[in-house]
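K.L.:
First the structure, then my questions, so here it is.
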Amino acid sequence: MRIATSEELIWRQGLAATQGLKVLRECGLRPAVGFCHPDDVLKDPHLGLGDKREILTSWASDASAVQDEPTMRWLLGTVEPVPLRDVLEALARLDKRMDA
């Protein structure tokens, strides 16, 4: 399963975002939607550790930065932006799990 964390990534993989979630899932692509906070990613029982890391690192990247608010990140499909600090803390907790 591939994880799509941005509309650009969906287009790059040859899928139109307008096709709807059902079509995207049938093509083996899981949009990273439905997460309100980085903790929701960590709690998702259907994601492997690598998938969780991929979502969180995408969320932390500059590509998800909110214009004129460099300390906020807004991932495709999320309700509102979250502080970058929260994303980085979730990544640190995930790294501890991966090391254990």
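The values are calculated or read from the model by the stated rules, or taken from the named source; none is laboratory data. Source: prediction; values computed, not measured. Quick reminder, even Gly has a Cβ in these numbers, built from the backbone with ideal geometry, and neighbours come from all protein chains shown. The accessibility values were calculated without ligands, DNA or RNA, using every heavy atom of the protein model including side chains. Shrake-Rupley method; radii C 1.70, N 1.55, O 1.52, S 1.80 Å.
K.L.:
Between beta-carbons, use under 10 Å as the cut-off and find the net charge around VAL41, counting Lys and Arg +1, Asp and Glu -1.
P.N.:
Working: positive: LYS43, LYS52, ARG53; negative: ASP39, ASP40, ASP44, ASP51, GLU54.
Net of charged neighbours comes to -2.
K.L.:
Could you give the accessible area per residue of segment 46-96, probe 1.4 Å, as a whole number in Å²?
P.N.:
Values: 2910 Å² over 51 residues.
Value returned for segment 46-96: 57 Å² of accessible area per residue.
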